[in-house]
Amino acid sequence: MYRTHTCGELNMKNTGQDVILCGWVQKSRDLGGMTFVDLRDRYGITQLVFNMETNSELCEKARKLGREFVVQAKGKVKERSNKNLKISTGEIEIYVNELIILNRSEIPPFTIEEETDGGEELRMKYRYLDLRRTSVKNNIILRHHVSQEVRKYMDSIGFVEIETPVLIKSTPEGARDFVVPSRMQPGTFYALPQSPQTLKQLLMVAGFDKYFQIVRCFRDEDLRADRQPEFSQIDCEMSFVERNDILNTFEGLAKYLFRQIKGVEFNEPFLRIPYQEAMEYYGSDKPDLRFGMRFTELTGTVKGHDFAVFDTSEYVGAICAEGCSEYTRKQLDELTDFVKKPQIGAKGLIYVRYNSDGTLKSSVDKFYSPDDLKKWADAMNAKPGDLILVLAGEKKKSLTALSELRLEMGNRLGLRKKDKFIPLWVVDFPLLEWDEETKRFYAMHHPFTSPIPEDWPLMEKDPGKVRANAYDLVINGVEIGGGSIRIHDATDQKRMFKVLGFSDEEANEQFGFLLNAFKFGAPPHGGIAFGFDRWVAMFGGQDSIRDFIAFPKNNSGRDVMLDTPSQISNKQLEELQLFIGRKK
Ligand code: ASP
């Protein structure tokens, strides 16, 4: 028997027992005639004690243990005199009478403790050592719990988990495909699924009216902290449903997960906000509603005062930062620099201080009297003590910039608390997006999304105005999931492809299998997919999804541990009939 207990379970109740533990040596300390070793496994840390006086040979052996050696220790549980109440095993220690080294370890490249000296690159290279650290380990265990709870809930409401293939044909989610060359049909390629979108729709045609899957998806796109080239979705689809059925079903899942994982109860239905409203008031289709600071449009109010910036702007909008009227010059300059950053792109920032004594002072006093400024303040329900921040310019860009400024102020004022969760549904997205460069429409969600029924007549007349029967679940400014009611009629689907600029041949070439299936009694259906990694990271209180994935890739899409992507042998290339060319 290797062990009787784990390193996380012994306490005062076990004193006097003879036990066997196995684990890794976290650290060892010599104090006078005693040697103490912290033994770690997945469950915790237990202190081992060796006494020079009673067993000098064993104590010598313990002194020679290196960090991360794997050992088995047999001994007796005793109460500690110097208790550590921070850990569950901190009231006891093991008086060891037998020590077996199961395996040695080289000196690890970084300290395997919470406060590690290892940089990101090094930790990723030795990810299996990084995973021994408590916080990273706990993230992976949290992920396990969330996936178990998802399965439990989905099963309880009649969903069937069905696996779909990974070697498929392109599915359009708007990213580039990863492709896999075929050896058996040289010159042809599989695409890895950007999502199982078309397959889950085929499962609806097959009659599985409630499908889900925790599934790996692959998208070849530029990476950020919350993106990985391969990531997981909780992918779902239902038949004979309208939008409300889907929102209610998955609101149920969200509430269940929050209850089970975070102990958070949501008694009210989640807010539902149309896309237009989200853009108008928060400048974002994923507003963080942990705080207010809604935008007020001042375009009409501010014109006609010879201030060219406002007079020539398509949009003038403002936010009110409560209690910030005493912001210093330096703080205001910082905010100006912030909005002028290239990725935010505003030309400048205008402010109005609504001083506690009721006077108003602005950066545009030359053009606006205190009475004028009072009108702005009233329009925004500002009170003495507040600071009004105004941006102006082209509407779309200004809304986005104001959104960034709002989030920045939210951060500065500590309004984006990690333990507060405000979920909402954003609905009625535009179906199509116009792309100036290629002069064509693209599906904002994907081409299988159906319009809101009453908008069908606009499809050919004014495609840009058509609203999609689509929805996103947004929590704390993060898009956690999104989906839509689908088109289930072959003629309608062809109509959509046409607006997207596909010829009949192209549509058939790429999606013939789906159009075909629609000829055989496709039920009305719709679905949703949740970013599983993101959701887990949010439950774990972090922005980056990387630490919630056992073996993630870095920002350039590399796995530095496996050292891949890497070259393949000439033999493999020949088998695949692939020739690697070089650009001259
Ligand atoms: N396939 C979609 C996505 O990955 C989700 C859905 O429409 O169900 O975003």
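The values are calculated or read from the model by the stated rules, or taken from the named source; none is laboratory data. Small disclaimer: the values here were computed from a predicted structure and weren't measured. Cβ sites come from the backbone with ideal geometry, for glycine too, and all protein chains shown count toward neighbours.
Points to keep in mind about this one:
- Selection within region 157-189 - more than 30 Å from Glu251 (Cβ to Cβ), of a type in the set (A, V, I, L, M, F, W, C) and not in a loop (DSSP other than H, G, I, E, B): Ile168, Val179, Val180, Phe189
- Any hit, region 502-512, residues being within 15 Å of the ligand (Cβ to nearest atom), farther than 23 Å from Pro287 by Cα, over 23 Å from the mean Cα position of the chain (by Cα) and at pLDDT 95 or above: no
- One residue from Arg127, Arg143, Arg176, Arg183 being of a type in the set (Lys, Arg), more than 16 Å from Asp547 (Cβ to Cβ) and at pLDDT 95 or above: Arg183
- Candidates Glu113, Glu149, Glu106, Glu121 - the one that is out of contact with any strand residue (DSSP E or B) (no Cβ under 9 Å at 6 or more places or on another chain) and in a loop (DSSP other than H, G, I, E, B): Glu106
- In region 227-248, the count of residues that are over 21 Å from Phe548 (Cβ atoms), within 12 Å of the ligand (Cβ to nearest atom) and in a helix (DSSP H, G or I) is one or more.
- Of the criteria (1) touching a Gly at 6+ places or on another chain (Cβ under 6 Å); (2) at pLDDT 95 or above, which one Arg467 fails: (1)
- Condition met for Glu408 (at pLDDT below 95 and either part of a loop (DSSP other than H, G, I, E, B) or at negative phi (or both)): no
- Hits in region 190-221 - residues which are modelled with pLDDT under 95 and part of a strand (DSSP E or B): Asp220
- Check on Asp226, closer than 20 Å to Glu163 by Cα and out of contact with any Cys (no Cβ under 7 Å at 6 or more places or on another chain): no
- One residue stands out in region 478-500 among those that are touching a strand residue (DSSP E or B) at 6+ places or on another chain (Cβ under 9 Å) and among the β-branched types (Val, Ile, Thr): the one that is farthest from the ligand (Cβ to nearest atom), namely Val499.
- Of all the listed residues (Arg132, Arg224), the sole one being surrounded by 16 or more Cβ atoms within 10 Å (Cβ to Cβ) and either assigned to a loop (DSSP other than H, G, I, E, B) or away from the ligand (no atom under 16 Å from the Cβ) (or both) is Arg132.
- Under the condition of being away from the ligand (no atom under 14 Å from the Cβ) and farther than 20 Å from Ser232 by Cα, the residues counted in region 188-203 number 2.
- Only one entry in Leu21, Leu85 is within 24 Å of Asn138 (Cβ to Cβ) and exposed (fewer than 13 other Cβ atoms within 10 Å of the Cβ), namely Leu85.
- As for region 204-217, it holds at least one residue that is within 13 Å of the ligand (Cβ to nearest atom), buried (at least 20 other Cβ atoms within 10 Å of the Cβ), farther than 19 Å from Ser450 by Cβ and under 16 Å from the mean Cα position of the chain (by Cα).
- Complete set of residues in region 307-332 that are under 22 Å from Leu415 (Cβ atoms), of a type outside the set (Phe, Trp, Tyr) and surrounded by fewer than 20 Cβ atoms within 10 Å (Cβ to Cβ): Glu322, Gly323, Glu326, Thr328, Lys330, Gln331, Leu332
- Selection count where residues are in a loop (DSSP other than H, G, I, E, B), touching a residue at least 24 places away in the same chain (Cβ under 8 Å) and over 19 Å from Arg104 (Cα atoms), scope region 34-62: 2
- Total residues in region 166-187 satisfying the condition of being over 24 Å from Phe520 (Cβ atoms) and within 16 Å of the ligand (Cβ to nearest atom): the figure is 7.
- Residue, surrounded by the most Cβ atoms within 10 Å (Cβ to Cβ), within region 151-165, restricted to residues that are closer than 30 Å to Leu131 by Cβ and within 15 Å of the ligand (Cβ to nearest atom): Met154
- Within region 303-343, the only residue that satisfies the criterion of being among the aromatic types (Phe, Trp, Tyr), in a helix (DSSP H, G or I) and out of contact with any strand residue (DSSP E or B) (no Cβ under 6 Å at 6 or more places or on another chain) is Phe338.
- Checklist (1) farther than 20 Å from Gln331 by Cα; (2) within 23 Å of the chain's Cα centre (by Cα) applied to Gly414, failing item: (1)
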